[in-house]
2 protein chains.
Amino acid sequence: MTQALNPSKQWLWMQRALHQAILAANLGEVPVGAVLMAADDDTLLAEGHNRTRLDNDPSAHAEIVVLRQAAENLAIPRLPGTRLYVTLEPCPMCAGAIIQARIAQLVFGAYDPKYGAITHGVRLFDQTNINHRPEALGGIAESDCRGLLKTFFDQRR
Amino acid sequence: MTQALNPSKQWLWMQRALHQAILAANLGEVPVGAVLMAADDDTLLAEGHNRTRLDNDPSAHAEIVVLRQAAENLAIPRLPGTRLYVTLEPCPMCAGAIIQARIAQLVFGAYDPKYGAITHGVRLFDQTNINHRPEALGGIAESDCRGLLKTFFDQRR
């Protein structure tokens, strides 16, 4: 059984995800970072950031990068009981990947009213025809996560 | 501009995707296969099948396998103008990946009333908050595509 969310851990792992997002920005990638923790919320399974341009991989959003890395490292096709921390509300592709991976809990930073798929758009985890329903919590370190994205896009306009 | 769909090509490439699905079944993977064609509908960019268990990758559905392979081969992060043939209606993760990759046209075989995300469930391509809207056509070689899946699951019950 996955333990209840711990606010100080949420903050800590979101800071770590933010660090990954900053690395992404420095590489010219959209600054979204993610960290995957084991069910104990103490063991780091994977961390990473967007790398669609770096890898020429349209699926390489931060969430999918860490899911893939953790599943490969653990040599298992799914990641039940794990907790994903990501700096931005997942898009439909990533929300679907989180379900496919059987992740227990999703914690995200900034809300994405435009392309988000958790509390916006298709609200995928609220649909009836899904075979796994992760817990989700948004708005952790929200202003830092959103600020980083805003600065990145402002500089590119 | 991507050309209009050609029924004889649809049948041909769906047979090729079905061949990939049969390879998947022989490897113990859920039999779904995919083929990605260039805008001319003649140049094969990638072909593949589900390999979540083979690769320990929760995101390795047939669609994402071929998108990744084609983008890597072409050294581009997106695949505008391309056509994806897949034996089963894509799930939310794959429907989202098809949008991320900017694929022009999706042709699928069997409908998936349970987990499909094109003509069922969230109907992702019909949503207003998406930044690319692929054309989609389902039901090509439908009974072959569905029959292969049915046989696979019947043998495992």
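The values are calculated or read from the model by the stated rules, or taken from the named source; none is laboratory data. On a predicted model such as this, the values are computed, not experimentally measured, just so you know. Ideal geometry is used to build each Cβ from the backbone, glycine not excepted, and the neighbour counts take in all protein chains shown. These accessible areas exclude ligands, DNA and RNA; they are computed on the full protein's heavy atoms, side chains included. Shrake-Rupley method; radii C 1.70, N 1.55, O 1.52, S 1.80 Å.
If I filter segment A:101-120 for residues that are in a helix (DSSP H, G or I) and free of Cβ contacts under 8 Å to residues at least 60 places away in the same chain, do I get at least one hit?
Applying the first criterion (in a helix (DSSP H, G or I)) to segment A:101-120 yields none.
No: segment A:101-120 contains no residue that is in a helix (DSSP H, G or I) and free of Cβ contacts under 8 Å to residues at least 60 places away in the same chain.
Show the residue pairs meeting these rules: Cβ distance below 8 Å; 6+ apart or different chains; first residue within segment B:83-98 and of a type in the set (Asp, Glu); second residue in a strand (DSSP E or B) and open to solvent by less than 10 Å² (accessible area, probe 1.4 Å).
B:89/B:108; B:89/B:110
In segment B:1-28, which residues are β-branched (Val, Ile, Thr) and modelled with pLDDT under 95? Reasoning before the result, please.
Taking segment B:1-28 first, the residues β-branched (Val, Ile, Thr) are B:2, B:22.
Selection gives B:2 alone.
Within segment B:112-132, does at least one residue satisfy the condition of being more than 14 Å from the chain's Cα centre (by Cα) and farther than 23 Å from residue A:99 by Cβ?
Checked segment B:112-132: no residue is more than 14 Å from the chain's Cα centre (by Cα) and farther than 23 Å from residue A:99 by Cβ.
Keeping to segment B:128-155, report how many residues are closer than 25 Å to residue A:128 by Cβ, open to solvent by 50 Å² or more (accessible area, probe 1.4 Å) and either at the interface with chain A (Cβ under 10 Å from one of its Cβ atoms) or basic (Lys, Arg) (or both).
Qualifying residue count for the region: 4.
Can you name every residue in segment B:86-105 that is surrounded by fewer than 24 Cβ atoms within 10 Å (Cβ to Cβ) and more than 10 Å from chain A (Cβ to nearest Cβ)? Spell out how you get there, then give the answer.
Here is the first cut: in segment B:86-105, the ones surrounded by fewer than 24 Cβ atoms within 10 Å (Cβ to Cβ) are B:99, B:102, B:104-105.
Those that are surrounded by fewer than 24 Cβ atoms within 10 Å (Cβ to Cβ) and more than 10 Å from chain A (Cβ to nearest Cβ): B:104, B:105.
Scan segment A:19-36 residue by residue and report those that are away from chain B (no Cβ under 12 Å) and either touching a helix residue (DSSP H, G or I) at 6+ places or on another chain (Cβ under 6 Å) or open to solvent by 60 Å² or more (accessible area, probe 1.4 Å) (or both).
If we filter segment A:19-36 for residues that are away from chain B (no Cβ under 12 Å), which is where we start, we get A:19-27, A:31-35.
A:19, A:21, A:22, A:23, A:25, A:26, A:27, A:31, A:32, A:33, A:34, A:35, listed by residue number.
I'd like to know if segment A:73-82 contains one or more residues that are more than 9 Å from chain B (Cβ to nearest Cβ), surrounded by fewer than 24 Cβ atoms within 10 Å (Cβ to Cβ) and free of Cβ contacts under 8 Å to residues at least 12 places away in the same chain.
The answer is no; no qualifying residue exists.
Could you list, in sequence order, the residues of segment A:60-81 that are over 19 Å from residue A:92 (Cα atoms), of a type outside the set (A, V, I, L, M, F, W, C) and not in a loop (DSSP other than H, G, I, E, B)?
Once the filter is applied, which keeps residues that are over 19 Å from residue A:92 (Cα atoms), of a type outside the set (A, V, I, L, M, F, W, C) and not in a loop (DSSP other than H, G, I, E, B), segment A:60-81 yields A:69, A:72, A:73.
Quick check, is residue B:51 basic (Lys, Arg), under 24 Å from residue A:62 (Cβ atoms) and more than 10 Å from the chain's Cα centre (by Cα)?
Values: basic (Lys, Arg): yes; under 24 Å from residue A:62 (Cβ atoms): yes; more than 10 Å from the chain's Cα centre (by Cα): yes.
So residue B:51 fits the description; yes.
Criterion first (open to solvent by less than 30 Å² (accessible area, probe 1.4 Å), part of a loop (DSSP other than H, G, I, E, B) and under 17 Å from residue B:60 (Cβ atoms)) does residue A:57 satisfy it? Let's see the steps before the verdict.
Numbers: open to solvent by less than 30 Å² (accessible area, probe 1.4 Å): yes; part of a loop (DSSP other than H, G, I, E, B): yes; under 17 Å from residue B:60 (Cβ atoms): yes.
Yes.
Would a scan of segment B:37-50 turn up a residue that is within 13 Å of residue B:103 (Cβ to Cβ), open to solvent by 10 Å² or more (accessible area, probe 1.4 Å) and not in a loop (DSSP other than H, G, I, E, B)?
Within segment B:37-50 (the criterion being within 13 Å of residue B:103 (Cβ to Cβ), open to solvent by 10 Å² or more (accessible area, probe 1.4 Å) and not in a loop (DSSP other than H, G, I, E, B)), the answer is yes, since at least one residue qualifies.
So residue B:16 ticks every box in (1) part of a loop (DSSP other than H, G, I, E, B); (2) of a type in the set (D, E, K, R); (3) in contact (Cβ under 8 Å) with a residue 12 or more places away in the chain but one. Which box is left unticked?
For residue B:16, the exception is condition (1).
Filter segment B:116-127 down to residues that are crowded, with 19+ Cβ neighbours inside 10 Å, over 17 Å from residue B:34 (Cα atoms) and not aliphatic (A, V, I, L, M) and give me whichever is farthest from the other protein chains (Cβ to nearest Cβ). Outline the logic, then answer.
As a first pass, look at segment B:116-127 and keep what is crowded, with 19+ Cβ neighbours inside 10 Å: B:116-118, B:121-122, B:124-125.
In the following step, the residues that additionally are over 17 Å from residue B:34 (Cα atoms) were identified as B:121-122, B:124-125.
Next cut, not aliphatic (A, V, I, L, M) only: B:121, B:125.
Working: B:121: 5, B:125: 10 Å.
Among residues in segment B:116-127 that are crowded, with 19+ Cβ neighbours inside 10 Å, over 17 Å from residue B:34 (Cα atoms) and not aliphatic (A, V, I, L, M), the one farthest from the other protein chains (Cβ to nearest Cβ) is B:125.
Do the conditions hold for residue A:58, that is, is it modelled with pLDDT of 95 or more, more than 22 Å from residue A:140 (Cβ to Cβ) and more than 10 Å from every other protein chain (Cβ to nearest Cβ)? Even if it seems obvious, please write down each step before you answer.
Numbers: modelled with pLDDT of 95 or more: yes; more than 22 Å from residue A:140 (Cβ to Cβ): yes; more than 10 Å from every other protein chain (Cβ to nearest Cβ): no.
Against the criterion (modelled with pLDDT of 95 or more, more than 22 Å from residue A:140 (Cβ to Cβ) and more than 10 Å from every other protein chain (Cβ to nearest Cβ)), residue A:58 does not qualify.
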